[in-house]
Structure formats: structure tokens, C-alpha cells
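First comes the structure, then the notes that go with it.
The values are calculated or read from the model by the stated rules, or taken from the named source; none is laboratory data. Source: prediction; values computed, not measured. Cβ placement follows ideal geometry from the backbone for every residue including glycine, while neighbour counts extend to all protein chains displayed. Accessible surface is based on the protein model in full, side chains and every heavy atom, while ligands, DNA and RNA are left aside. Shrake-Rupley method; radii C 1.70, N 1.55, O 1.52, S 1.80 Å.
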Amino acid sequence: AQAEQYNLHPAFVASIVLNESSFRPGVKSSADAMGLMQIRPDTADYINRALEMDGFSYNSLYDPETNIRFGCYYLGELSRRFHGDPVLVAAAYNAGPTNVQNWLNNSTYSSDRRTLPIENIPYGDTQTYARRVLRDYAAYKRLYYENPEAQ
């Protein structure tokens with residue numbers, strides 16, 4: 001439902017969750033990212049200003065429904081900013097939208113200022129992350145959305 005609300009493919013959201021937390025709602029990273037979609041407190045503050053969720057606290061990020069809502073809102077923002085390009089959205093989710101925009105503006109990484117080949121992502125961990133997200137996105141789409149037996 002949250003994926004649909006923010007015009008995201010559910011398989012893409014699932015691939016982010018898999019790569020962020022392996023579907024474990026109670027995890028917290030060394031960077032203080034929390035929950036299924038590993039949302040950091042500063043990002044949660046930004047999202048909560050937009051969503052105005054009553055009674056929000058950082059512990060709410062361990063609630064799967066809240067975490068997915070916040071994560072899908074943020075992915076939706078990134079998707080709008082980067083025209084739905086899954087490479088850019090995944091890279092921005094991992095490295096931040098400012099870094100991705102800087103890479104797009106640099107002819108070393110982007111020849112057209114609109115696309116970024118995965119192999120041109122200068123952060124090795126973000127390149128690996130984007131590859132994994134896109135691999136898993138394709139697998140989830142194939143298994144759950146394109147397989148006639150799953151219909």
C-alpha cells in the first residue's frame with residue numbers, strides 16, 4: 001500500500017528492505033539507522049516534518065508500518081527527483097541525494113547529466129549496494145509480478 005501511495009514498485013521497495021535489514025525490523029546500524037529500511041534520525045526528522053505523524057519518536061522506526069511508511073515516502077521523493085531511475089534512486093538512498101546530484105553534474109561520472117552507469121558510481125560500497133538492489137529488484141519482479149504461475 002505504501003509503495004502504491006508513493007508510486008513505487010513493491011518489488012523495488014522489497015529489494016531496498018532486503019539490502020538494508022534483511023527484513024529484520026529491530027536492527028540498528030553503527031550509523032544509527034533503524035528498522036526495516038534503515039532510516040537515520042536526521043532523515044526521519046525530515047520525513048516527519050512532511051508527514052506530521054502524531055507522537056513520532058525515533059523508537060517508532062522499529063515499528064514495521066511506520067518504517068515502511070517513512071522509507072516509501074523518502075524513496076518517492078528520491079524517485080521524483082531522479083525521474084524514477086532505479087540506479088540513481090538506490091544510489092541516493094545509500095549515499096545521499098546530494099552526492100548523486102554531484103556525480104550527475106560531473107562529466108567524469110555522467111555523460112548526459114541525467115544518467116549514471118553503475119560502474120561509474122565512485123563510492124565502491126554504493127556501487128555494490130546499487131548492483132545488489134537492482135539484482136534483487138529484477139528477481140522480485142520476475143518471481144512475483146511477471147511469473148504467470150504467481151498470478
> Considering the range 19-38 alone, what residues qualify as being modelled with pLDDT of 95 or more, farther than 14 Å from residue 64 by Cβ and of a type in the set (A, V, I, L, M, F, W, C)?
Replying inline: 33
> Could you list, in sequence order, the residues of the range 47-86 that are of a type in the set (D, E, K, R) and at pLDDT below 95?
Replying inline: 52, 54
>> Residues that are in contact with a Phe, Trp or Tyr (Cβ under 7 Å, 6 or more places away or on another chain) and either over 29 Å from residue 28 (Cβ atoms) or not aliphatic (A, V, I, L, M) (or both): does the range 52-69 have at least one?
In response: no
> Between residues in the range 112-130 that are within 15 Å of residue 89 (Cα to Cα) and open to solvent by less than 50 Å² (accessible area, probe 1.4 Å) and residues that are of a type in the set (D, E, K, R) and assigned to a helix (DSSP H, G or I), which pairs lie under 8 Å by C-beta distance while being six or more apart or on different chains?
Replying inline: 118/131; 127/119
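I need the helices (runs of 4 or more DSSP H) fully contained in the range 1-61, keeping only those with at least 2 residues that are hydrophobic (A, V, I, L, M, F, W, C) and more than 28 Å from residue 146 (Cα to Cα). Spell out how you get there, then give the answer.
Values: elements: 2-5, 10-21, 41-51.
By residue number, 41-51.
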>> If I ask for residues that are closer than 19 Å to residue 1 by Cβ and of a type in the set (A, V, I, L, M), which ones from the range 38-77 would you list?
In response: 39, 47, 50, 51, 53, 61, 68, 75
>> So if I check each of 75, 61, which one is within 16 Å of residue 33 (Cβ to Cβ), of a type outside the set (Phe, Trp, Tyr) and in contact (Cβ under 8 Å) with a residue 60 or more places away in the chain?
In response: 75
> In the range 64-85, what count of residues is obtained for those that are surrounded by 14 or more Cβ atoms within 10 Å (Cβ to Cβ) and not in a helix (DSSP H, G or I)?
Replying inline: 3
> Which ones in the range 1-13 are surrounded by 12 or more Cβ atoms within 10 Å (Cβ to Cβ), under 10 Å from residue 68 (Cβ atoms) and among the hydrophobic types (A, V, I, L, M, F, W, C)?
Replying inline: 3, 13
> Do we find a residue being surrounded by fewer than 18 Cβ atoms within 10 Å (Cβ to Cβ), modelled with pLDDT of 95 or more and part of a helix (DSSP H, G or I) anywhere in the range 87-98?
Replying inline: yes
